[in-house]
1. Using Stokes-Einstein with the Kirkwood hydrodynamic radius over Cα pairs, what translational diffusion coefficient do you get for the stretch 1-101 at 10 °C and a viscosity of 1.306 mPa s, in µm²/s rounded to a whole number?
2. Evaluate the Debye formula for the stretch 158-215 with equal point scatterers sitting on the alpha carbons, no solvent, and hand back log10 of I(q)/I(0) at q = 0.18, 0.30 Å⁻¹, in q order, two decimals.
3. Using only alpha carbon pairs under 8 Å that are at least six residues apart, calculate the relative contact order of the stretch 2-139 and give it in whole percent.
4. Taking the chain as a Gaussian network, where each spring joins two C-alpha atoms under 10 Å apart, which residue of 63, 137, 31 fluctuates the most?
5. Mind checking which of 249, 134, 84 has the largest fluctuation in a GNM of the chain, springs on alpha carbons under 10 Å?
6. Rounded to a whole number of µm²/s, how large is the Stokes-Einstein D of the chain at 37 °C and 0.692 mPa s, given Rh as the Kirkwood radius over C-alpha pairs?
7. Relative contact order for the chain using alpha-carbon pairs under 8 Å, separation at least 6, rounded to a whole percent?
8. As a test of the formula, what do you get for the chain when each DSSP H run with n ≥ 4 contributes -39,500 (n - 2.57) and the sum is divided by the residue count, at 222 nm and rounded to the nearest 500 deg cm²/dmol?
Ligand SMILES: [Zn+2]
């Protein structure tokens, strides 16, 4: 069951990585040109057609369109696709190295910041002299850095919310796993008690560690004759209680049954 969660986080990290890869392409192209990176929708660089929601899905939209622009049929550089896949893989590697910790968030953000910065300078050096002249006439120096900072703040907020969402999901799944373990332990002990001969059936305790959680199982067996009007020792009450700690809180699960004497 924990494996499923592991795969789910790997999938999420890959998606976050591809989203970053997609954002990276956009930011490194627009930042040196002093173009807005938030409000302006992405557009095809050859026909300038604005891209729709489905054109913005990393990796998949490139594959479905066969690497061509939907509007003008112009080939889209495979560089975008590779950047998305590579970043997805890198983010998954970060998760495998650092685990689901605060270190992972810091490493991802640091990586994102450094790469957007380096990428922007590389893209800036690739701009034509005409483009550079046009931009230097329109804009003051220093705007580039402030736009980069805004971009990183937005990316930080996005990453932090994704992390919190996954962490909460992680916590809930682990809680259900802990409870399902408790239920199955209670059922096992009920079965054990029912399989025991009536006369030799007494209370017993057990301790089990499952998925790194310590469960203490108390099986209380009491004669039902105290409440039974016949006052005969022919029915026993089996009361199983499973106690366990999860995330610093104590939980219990209770299961009861009756066992009758074969007369
Ligand atoms: Zn196009």
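What follows draws every value from the coordinates through simple rules; no lab data is involved. Keep in mind the model is a prediction, meaning the values are calculated, not measured. When we count neighbours, we look across all protein chains shown, and the Cβ atoms used for this are built from the backbone with ideal geometry, even at glycine.
1. 107 µm²/s
2. -0.73, -1.15
3. So the answer I get is 37 percent.
4. 137
5. 249
6. It comes out at roughly 139 µm²/s.
7. So the answer I get is 16 percent.
8. Value at 222 nm, helices only: -19000 deg cm²/dmol.
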